[in-house]
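Have a look at this one.
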Amino acid sequence: MRLAPLPASLTRWALPALAGVTALGVVAGGSSAVAGPAADRSGSTSPAAGAPGFDLSEKLRGKVGPEAIGEHLDAFAAVAAAHDGNRASGTPGYDASVDYVVDTLTAAGYTPEVQAFDFPFYVENSPASFAQVSPTATTYTSPEDFSTMTYSGSGDVTAAVVPVDTTFTPGGANTSGCEAADFAGFPAGSVALVQRGSCPFGQKAANAEDAGAAGVVIFNSGAAGAIDSFAGTLGAPDSTIPVVGTSFAVGQDLGDPAGTTVRLVTDTTSEIRETYNVTAQTRGGDASEVVMAGAHLDSVVEGAGINDNGSGSAALLETAVQLAKYDKKGNGNGAGGSRLTNAVRFAWWGAEELGLLGSEHYVAELSPEQVEEIALYLNFDMVGSPNYVRFVYDGDNSTGTGAVGPDGSADIERTFVEYFSSQGLASDPSPFNGRSDYGPFIAEGVGIPAGGLFTGAEGVKTPEQAAVYGGEAGVAYDPCYHQECDDRDNVDPQALDEMSDALAHAVATYAVSTASLSGDEVAASGARDARGAKAARLAAKRPDEHGHVDHGAAGNAPDHAHDHAHDGARR
């Protein structure tokens, strides 16, 4: 699951307006969709007989077993172990993960498609160091005092600090470093000290580098909530010099005495690289009514990402492998004798951890006609968290904490909730907050119904949730989220089994019928008509030659605020 913010220059799609929620608004409370403790599963194994997809659901769930999913997870763990401990996009570990998925799909009878795209790669190769050399020797620590900016360049610089249009009064308004004129007379080879505020960090860093700065220190503004050290992003890999963000206090320390000298050392790789999405579609089923299901394949550079998101990728992969058996034979209800009424397209996304870049690229490349052909999108991101909750994306925003999904999203939510209920299992809603790959599909101007599953990331389990699901209250759903310890042992087998069964059920249900998306149990033509209108709107919003999209007044992409800020005016 994505945590880092999306650089403004790469944002192509605007989510529907949120109801007072930040990107970190993972459900930590709220009422369960099914009350009461988790029940024994042995007494109830099937959804209600007669429901669309009932027969295929039962058969598919019987074949999507934990042993085979575990073998896929073992493969992802082995890939990471052989490639510097991670499977991050733009690295050999990710490329090997792509090869594994492609080979597995090919062996199952699919013809996978690999979609290449460029993206801004960044990794900090070794910890940065930052110290005041004179007049007072002081060593600063990370992340308490400073953090390297994403897309910072590398360097080992010892130089005088030169304040640039700064104000050292807490809360004072400033435009420090926002204009080239701020650097008039700047002594080349110095370290520029600029203050957070009014314009993007990348603009401040670019102006400083153009003026001959050997390094840049951006200190926090001193306004309420903008005191501490912070990690920001420059938005693109354009800088060739070290750039760090610091606390307001460090800025005061460096700017107060005359003749301050610092040593700043960063070791980063920041460049444009190529990475890949993988898609595979069933041979049978209506290709104008595509059921799409996806999971991001990449990890963060800090670890193997076996829960985030090897778990979703593995469960999706095994579902695809087993569904292929029903695509080849059956009672002739679908195209080519397939048992599938609707085609199913599986997707494994690249560069999700850098801002949903793979799914954004995929959606941006769709024609209006191709958008219309996608009946719905199902997303599976982290489905094996060790301190898990069965989260279902809140398609109708019934909790009022996220975005309302496009028409049909509430039905997808209901499909999952009712499935869990049929198994005697509780579930909780999780808001559409833009943190995973459903975002580009539900975006304004695209409007594809979406839903999916999630077992929790860095959010903390509440006592109420612990009473329902077990586990430990006051502890993160995944204490190893975005860390080295997200390894093979970090996946809860029961969570993975329950969620993969629900995944298979939803894929089977909609592979047989999407009629419920439009509230019509006879035909789904009304839903297709609605998507046609949305596709027409998409045509008017396709990126121009500069990659920009006019979202209009309603465009309101959420600010994915964390300690990775990207805009000097907000956190």
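The values are calculated or read from the model by the stated rules, or taken from the named source; none is laboratory data. On a predicted model such as this, the values are computed, not experimentally measured, just so you know. Neighbour counts are summed over all protein chains in view; Cβ atoms, including those assigned to glycine, are modelled from backbone coordinates with ideal geometry.
I'd like to verify a number: residues in the range 507-528 that are of a type in the set (A, V, I, L, M, F, W, C) and either modelled with pLDDT under 50 or not assigned by TED's automatic domain parsing to the domain that holds residue 347 (or both), how many?
Here the count works out to 4.
If a residue must be surrounded by fewer than 21 Cβ atoms within 10 Å (Cβ to Cβ) and among the basic types (Lys, Arg), how many such residues does the range 192-243 contain?
0
OK, next. All but one of (1) within 21 Å of residue 263 (Cα to Cα); (2) free of Cβ contacts under 8 Å to residues at least 24 places away in the same chain hold for residue 194; state the number of the condition that does not hold.
All conditions are met except number (2).
Only strands (runs of 3 or more DSSP E) wholly contained in the range 194-307 count here; list those with 2 or more residues that are in contact with a Leu (Cβ under 6 Å, 6 or more places away or on another chain).
215-219, 286-296
Something else now. So residue 73 fits all but one of (1) in the same structural domain as residue 349 (by TED's automatic domain parsing); (2) surrounded by fewer than 16 Cβ atoms within 10 Å (Cβ to Cβ); what number is the exception?
(2)
Further question on the same structure: Which condition does residue 147 not pass, out of (1) among the polar types (S, T, N, Q); (2) at pLDDT below 95; (3) crowded, with 16+ Cβ neighbours inside 10 Å, if it passes all the others?
Every listed condition holds for residue 147 apart from (2).
Residue by residue, here is whether (1) under 27 Å from residue 117 (Cβ atoms); (2) at pLDDT 95 or above; (3) out of contact with any Asp or Glu (no Cβ under 8 Å at 6 or more places or on another chain) holds:
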{"residue": "343", "(1), (2), (3)": "yes, yes, no"}
{"residue": "371", "(1), (2), (3)": "yes, yes, yes"}
{"residue": "375", "(1), (2), (3)": "yes, yes, no"}
{"residue": "383", "(1), (2), (3)": "yes, yes, yes"}
{"residue": "388", "(1), (2), (3)": "no, yes, no"}
{"residue": "394", "(1), (2), (3)": "no, yes, no"}
{"residue": "402", "(1), (2), (3)": "no, no, no"}
{"residue": "405", "(1), (2), (3)": "yes, yes, no"}
{"residue": "427", "(1), (2), (3)": "no, yes, yes"}
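Out of (1) assigned by TED's automatic domain parsing to the domain that holds residue 243; (2) part of a loop (DSSP other than H, G, I, E, B); (3) among the hydrophobic types (A, V, I, L, M, F, W, C), what's the single condition that is false for residue 181?
(2)
Would you tally the residues in the range 377-407 being farther than 25 Å from residue 474 by Cβ and either in contact with a Leu (Cβ under 6 Å, 6 or more places away or on another chain) or part of a helix (DSSP H, G or I) (or both)?
2
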